[in-house]
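The numbers here are math on the coordinates, done by the rules we state, and not lab data. Quick caveat, the model's predicted, so the values are computed rather than measured. A quick note on method: Cβ atoms are made from the backbone with ideal geometry, for glycine too, and the neighbour counts reach across all protein chains shown.
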């Protein structure tokens, strides 16, 4: 049996090539059936996302899997063999397993650690399972890949740090307040990013949103989006003692919140922390506000700096994740080797059982007939003998299967017991 | 002090103790249901306190500020009256968290001016001292937790202010979680320390008769308890957080360590008996 994986990703192919090779979710069942119908293909999975298209197959030993997939792709997609060769990567056996585990663990993603890829791989697995394209060995391989991904996420911090500005704002709010449950937000001005940040904060537990704008009608309109309360622009500073998180993105050309205003606000809040997010350019909030105790002011560059630091931290965690993946590949390979010696183990058991049954027959013919109790005792005793004899070689076969130099020991065991290949 | 005067003062201290209970509930459970009852009892306690002072003044035919105990009683009474005025005029309920325990402890100390008989049973004496030591150790442990959490708060706050996340930012808990831990451990620690001070005062009073208050190690204990009370007050009323609160907590921890050293002979007393 051969395991073969080939495909294109954001690292090897531009979007023009990726879109040519993409398989929409609804077309997957037919494509999988066609692929499985190719001579020698036993199992198949197609993973198709916006950043990668990958086909993984298992074939019988005499088949050329690379040629099979190339033919399948050129038959099904409007792509020339030359273009395909220029952009695809191919992995076989151990390398294919390693690649699959890295993809599942989001180590090969455009944004390392993003969680979507695991869901997309599960969609591919479900489609293959439903069409019967995955029904044996590859089933356990993919299940293992999901477990590896889970292990990587739980044992490393690869997916913990925000890598977008709006999520970074939510993460900072969590670092300041702990839980966001019951927190109050105020949005000053309108803007896509402030809307997005407010939406994330709301989803994370913030209960109330105040919206203010120089144009009051616009404030009413935006407040409706969050089931919030519109506030007149002239009143927003006086409302600030009630507000935990302020998102400023108005088009004002001068500071709308100065240090002395915030000094009064924080005194009125009895020093409870306040988080100010200034994503306006030019800035809306006096930078000196950050000097006040218990006030945390972040402008757009500060948020970007947090995102950059998070990405650096993710890369450090990715190194740990790579180690985990390598460890899991070794385990998988050891299991595969055990699978490889399974016919030898079965052969050995059958041979010993044959010898036992023949010898028992001889004894019965020569000294029989026996009572039922005697026959049962004879069966039990002879079975116990062959089990004890077989235990040593079977254990050794399993141990040696996981070792690179184990081939010689396995061959020796086969010779000793006159087992056929 | 005259016998009747001390009895009136003990009644006043008993009524003030409701105020202490209110402060404890406010710190530990964040509940202020008892405030009205505590304030009423506090007012009534002030009336009995006044009777005690007048009684003492009439009997001794002088203003009762001739010794430490009388001065403490007078001082506690004046603080109580001033606090009642502030409550009537400005309704500053949060101030009570500071004043109630202060007036109670001062009044309690003032009641311990008249000598009583020696310990009737050495087992009771040792048990009393053991309770005091256990309370102090638990209070100290809570204070250490408060100080450590305050320092972590300081580090995390600095990380957030610098806006360039480093290792501390990722490893340390959120400010909100640390703040909650500080509030709870500080409240529990203060309650334990206050109970320890009450246990210690009564033990020392019986052990050393009226001379107990002039012992320097006892003065250190009261000073430390006073700094802890100020910390609790600043935290609950002014919402002190961050740098100032951390410095204050570490200071209180330092005074507590000095107090511990000053009382290191207590364990030996217990072992000797």
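Here are a few things to note about the model shown:
- Pairwise Cα inverse-distance average, inverted: Kirkwood Rh of the stretch A:326-416 (Å): 15.2 Å
- Among A:238, A:48, A:106: highest mean-square fluctuation, GNM of chain A, C-alpha pairs under 10 Å: A:238
- Between the stretch B:208-234 and the stretch B:45-63, the Cα center-to-center distance that results, in Å: 25 Å
- Where N is the number of residues in the stretch A:10-122, Cα Rg divided by 2.2 N^0.38 Å: 1.04
- Label-zone membership for the stretch B:174-201, site residue B:217, 7 angstrom Cα→C-beta point, backbone N under 15 Å: B:197, B:200-201
- Mean sequence separation of contacting Cα pairs (under 8 Å, at least six apart), scaled by the length of the stretch B:122-272, corresponds to a relative contact order of 32 percent.
- Cα-only Debye scattering, the stretch A:165-308: base-10 log of I(q)/I(0) at q = 0.11, 0.15, 0.18 Å⁻¹: -0.34, -0.66, -1.00
- Degrees, to the nearest 10: A:28-37 long Cα axis against longest axis of chain A: 20 degrees
- Stretching residue A:259 away from residue A:335 to a fully extended chain increases their span by 20.9 nm, per 0.36 nm per residue minus the current alpha-carbon distance.
- Cα convex hull volume per residue for chain B (Å³): 136 Å³
- Spin-label pair residue A:291-residue A:71: with each label point 7 Å from Cα along the Cα-Cβ axis, the two points sit 7.7 nm from one another.
- Among beta bridges from DSSP that stay inside the protein assembly as shown, the antiparallel ones total about 45%.
- Per residue, the convex hull around the alpha carbon atoms of the stretch A:37-101 comes to 101 Å³.
- Taking all Cα pairs closer than 8 Å and separated by 6 or more residues, the relative contact order of the stretch A:24-143 comes to 30 percent.
- Shielding score for B:174-183, defined as the mean number of other chain Cβ atoms within 10 Å: 4
- For chain A, the relative contact order works out to 12 percent when only alpha carbon pairs closer than 8 Å and six or more residues apart are counted.
- Burial order of peptide ranges A:109-118, A:337-346 (average beta-carbon count within 10 Å, highest first): A:109-118, A:337-346
- Evaluated at q = 0.17, 0.21, 0.23 Å⁻¹, a Debye calculation over the C-alpha positions of the stretch B:56-105 (equal weights, vacuum) places log10 I(q)/I(0) at -0.58, -0.74, -0.81.
- Taken as Cα centroids, the stretch A:111-141 and the stretch A:275-293 sit 46 Å apart, rounded to the nearest whole angstrom.
- Stokes-Einstein D (µm²/s) once Rh is taken as the Kirkwood radius of the stretch B:3-111 over alpha-carbon pairs, at 37 °C in 0.692 mPa s: 239 µm²/s
- Remark: mean inter-chain Cβ contacts per residue of A:245-252 equal 0, using a 10 Å Cβ-Cβ cutoff to other protein chain atoms.
- Per the Debye calculation on the stretch B:122-272 with a single equal scatterer at every Cα and no solvent contribution, log₁₀ I(q)/I(0) for q = 0.21 Å⁻¹ amounts to -1.23.
- At 1.567 mPa s and 4 °C, Stokes diffusion of the protein assembly as shown via Kirkwood alpha-carbon radius, µm² per second: 39 µm²/s
- Computed from Cα atoms, the angle from the helix A:259-268 axis to the main principal axis of chain A rounds to 70 degrees.
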